1. Using modelled amide H (1.01 Å from N, peptide plane; none on Pro or chain starts), what sits under 5 Å from the amide H of TYR158, excluding residues fewer than 5 places away?
2. In deg cm²/dmol and to the nearest 500, what is the mean residue ellipticity at 222 nm of the chain if only DSSP H runs of at least 4 residues count, each as -39500 (n - 2.57), divided by the residue total?
3. Please list, by residue number, every one of the trypsin sites (Lys or Arg not before Pro) in the stretch 96-172 that is coil in DSSP and has at most 12 other beta-carbon atoms within 10 Å.
Amino acid sequence: MKPEHTHTEADGADRWEYRDCYVERSTTEDGVYVGSNLRFADRRELAATSRVSPVRVVVDGVSAASNCYTIHSKSEGRPCGIFGTRESDYPESGLVWMLGTECVTSIASTFIRNSRSWLNELHSNHRLLYNVIDARNTVHINWLAWMEFEFVQEIPKYGIERRPFILFRHYV
């Protein structure tokens, strides 16, 4: 979401402004809100992987992130989604993730049009970004393909529900 935006910094806080949304560094409060209001596909994916509450997953993701950003809707005035990276067990590699609320659909065109440019920021600490995605989540799989992520392999029985997931990655 970086082209066609303005970037401001006030009191040490960065803010990237777009037509219908803005992006700021994530806070714990953002994590609580997003975790409490996840989209169905994101809730279903988290439920398939573990029994940890969605709020705990998002708040822990914000806390553990090396880079973490919240997308806010200007019209709704609240968080639409959080994305970021965290350290992994592999050198120069980071786990990339994003979770959203239903309001992300209200800013979908701005989000999609500008999301590729955020890959450079997410890659700032990691040459390789990777994670897994629920194979049922075709909308997100199509977005990852558009973002030029590579789908490495299907994992037939992943998480507590033993569902098919797909390992994906992106190199710089």
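Please treat every number below as a calculation from the coordinates, not as lab data. Computed from a predicted structure; not experimentally measured. No Cβ is skipped: glycine too gets one built from the backbone with ideal geometry, and neighbour counts run over all protein chains shown.
1. Here the answer is ARG163, PHE165, since their amide H atoms fall under 5 Å of that of TYR158.
2. -8500 deg cm²/dmol
3. Qualifying residues, ordered by number: ARG127, ARG162.
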